[in-house]
1. Going by the conditions given, is B:VAL156 under 19 Å from A:PHE94 (Cβ atoms), assigned to a strand (DSSP E or B) and not acidic (Asp, Glu)?
2. Kindly check whether there is at least one residue in the range B:172-189 that is among the β-branched types (Val, Ile, Thr), in contact with an Asp or Glu (Cβ under 9 Å, 6 or more places away or on another chain) and either more than 13 Å from chain C (Cβ to nearest Cβ) or closer than 14 Å to C:PRO12 by Cα (or both).
3. How many residues are buried (at least 24 other Cβ atoms within 10 Å of the Cβ) and hydroxyl-bearing (Ser, Thr, Tyr) if we restrict to the range A:150-170?
4. For the range A:1-89, which fully contained strands (runs of 3 or more DSSP E) count at least 1 residues that are modelled with pLDDT under 95?
5. Find the residue count for the range C:86-106, including only residues that are out of contact with any Leu (no Cβ under 8 Å at 6 or more places or on another chain) and within 14 Å of chain B (Cβ to nearest Cβ).
6. With the checklist (1) of a type in the set (Lys, Arg); (2) out of contact with any strand residue (DSSP E or B) (no Cβ under 6 Å at 6 or more places or on another chain); (3) not in a helix (DSSP H, G or I) in hand, flag the one item C:LYS149 doesn't pass.
7. So, of the residues in the range C:176-221 that are basic (Lys, Arg) and exposed (fewer than 14 other Cβ atoms within 10 Å of the Cβ), which turns out to be farthest from C:TYR43 (Cα to Cα)?
8. Taking the condition over 21 Å from A:THR57 (Cα atoms) and acidic (Asp, Glu), does B:ASP63 pass?
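The values are calculated or read from the model by the stated rules, or taken from the named source; none is laboratory data. Here the structure is a predicted model, which is why all the values come from computation and not from measurement. Note: ideal-geometry Cβ built from the backbone for every residue, glycine included; neighbour counts use all protein chains shown.
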Amino acid sequence: MTEVDLISHIERDYILNLAKKGEREDGRGFDKYRKLILQPGIIKKAEGSCLANLGETKVLAGIKVDKGEPFPDTPDQAVMTTNAELIPLASPLFESGPPKEDSIELARVVDRGIREAPALDMPSLVIKEGELVRVVFIDLHILDSDGNLFDASNRAAVTALRTTKIPVLDEEGNPTEDLMPLPMLKTPVSCTFAKIGENILVDPSQNEVKTKKKYWMQD
Amino acid sequence: MELIKNGIRIDGRKKDELRDIKIEVGVLKRADGSAYVEWGMNKVYVAVYGPRELFPRFLRRSDKAVLQCKYNMASFSVDERKRPGPDRRSVEISKVTRGALEPVVLTENFPESVINVNIEVVQAEAGTRCAGITAASVALADAGIPMKDLVPACAVGKVSGEIILDLCKEEDNFGESDLPIAMIPRTGGISLLQMDGLMTGEELEEALNLAKKGCEIIYEKQKEALRKRYKGDDHD
Amino acid sequence: MIHVKNRDIVVPGELIATGNFHVQLGAEKDGENIYSTVVGIAYIDQEKKYIKIVPLRGKYVPRVGDPVVGVVEELALKKAILDINSAHKGILDIRDVTMDRSAEINKVFSVGDIVYSKVSDISGSVSLYAKPPYGKLHGGRLINISSTKIPRVIGKKGSMISIIKKYTECKVYVGQNGTIWVKGKNEGEDLALKAIEIIDAESHTSGLTERITKFLEEKVI
């Protein structure tokens with residue numbers, strides 16, 4: 001109802017009282033996720049993509065894979081970067097402009113989950129050590145913000161990576177006609193909780209996010 | 001490259017054929033009004049917020065609402081990844097989009113406020129500004145913002161000397177001329193007219209007539225999409 | 001001459017009628033022609049010659065005298081600023097809340113409070129009045145629907161709202177801005193909200209009052 005990040009006392013009390021009784025606004029159990037729908041390959045222009053619908057939260061992840069120089073301190077690893085756009089489309093609270101702390105935090109948290117799992121086999125994406133590696137861009141586009149952007153983004157990004165197809169390179173590092181998937185290792189699954197009163201709930205919806213005392217993420 | 005042979009274009013269409021267009025209304029929960037358009041390979045989301053309070057205050061107008069349009073392309077929407085954030089092209093398209101929609105939005109009803117139109121292109125293949133304007137009209141209507149009319153938009157152009165409707169990517173890149181046009185069917189007026197390349201006076205007239213036909217078809221799709229959203233069962 | 005049927009769904013730019021009709025809402029005259037300006041249901045009275053198009057969605061447009069239910073968003077020196085689901089916020093001056101001259105606004109309200117008030121002035125900003133019987137609301141439940149559906153929730157001469165109150169045994173305050181507050185026993189509150197949700201979803205159909213009555217009767221048994 002409001003554009004400020006606000007919930008009315010009446011709505012907040014309702015959620016707190018429900019939680020005391022072991023219930024949630026949408027009837028879920030404390031340990032249940034909203035319905036998750038994943039649509040990989042939805043953006044043909046991208047090497048990989050996935051639209052994640054988690055309840056009404058919608059996140060579109062796009063993977064673009066290019067070639068470039070590795071970072072000087074990791075000559076034997078591919079380059080991977082994650083960016084998140086909390087675009088004004090998705091919520092009356094999001095403003096346009098350069099990434100602010102929320103979108104930077106979201107990008108870095110999703111990135112860490114993927115990088116440290118490790119999800120991507122970074123060494124095997126090296127073309128010529130110290131000179132040429134694959135560069136993987138993970139771009140998260142939030143389309144509709146209804147709570148728990150972290151998990152929706154994680155699902156979208158990981159699924160997009162797992163369904164990405166890149167050209168096979170010949171000995172000179174030139175692309176051939178053949179395609180191959182990205183070399184994947186582990187599959188990081190993030191899990192976000194909110195503390196409501198004395199209770200811990202998984203996958204908080206928008207109203208639960210506004211009511212929460214604390215917010216956790218776990219990979 | 002032969003862009004057109006015996007009246008058949010590179011993607012199999014005839015000169016006056018539109019690409020496949022699908023319009024959905026009310027696809028985003030948080031927005032006051034929203035629409036999603038698939039137009040050929042283009043995929044465009046539009047969200048409308050407002051009318052709502054405008055900050056900074058000095059932008060407010062005492063006689064009407066301010067219409068703000070923002071066109072943006074996702075990094076992964078094009079072949080070569082695009083750096084996030086507005087570039088000069090996006091800024092220009094945002095401005096002409098506002099110009100295309102402003103004549104129909106009854107902004108006098110909401111002085112001192114702002115109506116935000118956010119256009120997000122998640123996949124692009126020629127004609128995104130027309131897809132954006134087409135979707136934005138529908139999203140504005142979905143938000144309940146009073147309008148004189150909806151605004152259909154499409155591009156016409158010239159390839160191999162022939163006037164064609166709704167350019168695809170190759171036609172846009174290698175053709176002789178490209179004209180995106182937005183129309184206001186109720187008055188027959190034109191609210192967006194841009195041109196690249198060269199055309200003679202007669203060619204331009206032929207192009208405008210073809211655009212009008214294209215816009216009429218798109219207009220019907222816009223109306224149908226809006227009606228479909230609200231066709232519940234009738235319990236009479 | 002009329003170009004659409006009564007109760008048709010119409011869209012902006014659609015030609016509704018030609019001739020000497022009075023436009024009450026949702027349409028504009030252009031010479032002899034009357035065009036819809038919104039997505040809505042067209043109501044045409046051929047006898048009295050009026051046309052009204054009720055928008056299916058849209059922000060609340062405040063009118064003086066309207067009761068509204070709003071959320072306190074901000075507290076300024078001597079006033080509270082409320083969100084009333086409109087293009088502008090509602091301003092509630094402390095003098096329109098209490099007779100106590102020394103009262104401070106942040107002792108009376110806090111951010112997040114729900115307030116039942118009346119629109120007192122719309123020239124410039126939207127001014128609200130919240131002396132009794134209006135004021136802060138405690139407990140109960142809230143529901144937000146489109147302000148355009150509120151007349152259906154109230155019904156002809158309050159018929160619909162009376163039915164809801166009777167079967168659910170709840171207090172119901174209907175804000176013209178689309179926010180409705182109900183208070184009663186838990187089951188009553190749930191039932192009232194469900195009934196309102198049905199009205200919101202089916203507002204453009206007929207026979208709604210009978211269907212809601214039947215729905216409530218069955219649930220209460």
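1. Details: under 19 Å from A:PHE94 (Cβ atoms): no; assigned to a strand (DSSP E or B): yes; not acidic (Asp, Glu): yes.
Judged against the criteria, B:VAL156 is not a match.
2. Within the range B:172-189, the subset among the β-branched types (Val, Ile, Thr) is B:181, B:184, B:187.
Still in the running and in contact with an Asp or Glu (Cβ under 9 Å, 6 or more places away or on another chain): B:184, B:187.
Imposing the further condition that a residue be either more than 13 Å from chain C (Cβ to nearest Cβ) or closer than 14 Å to C:PRO12 by Cα (or both) reduces the set to B:184, B:187.
Checked the range B:172-189: at least one residue is among the β-branched types (Val, Ile, Thr), in contact with an Asp or Glu (Cβ under 9 Å, 6 or more places away or on another chain) and either more than 13 Å from chain C (Cβ to nearest Cβ) or closer than 14 Å to C:PRO12 by Cα (or both).
3. Number of matching residues: 2.
4. Details: elements: A:36-40, A:48-54, A:57-68, A:79-85.
The qualifying strands (runs of 3 or more DSSP E) are A:57-68, A:79-85.
5. Result for the range C:86-106: 3.
6. It fails just one condition, (3).
7. Residue satisfying both the conditions and the ranking: C:LYS185.
8. Values: over 21 Å from A:THR57 (Cα atoms): yes; acidic (Asp, Glu): yes.
Yes, satisfied.
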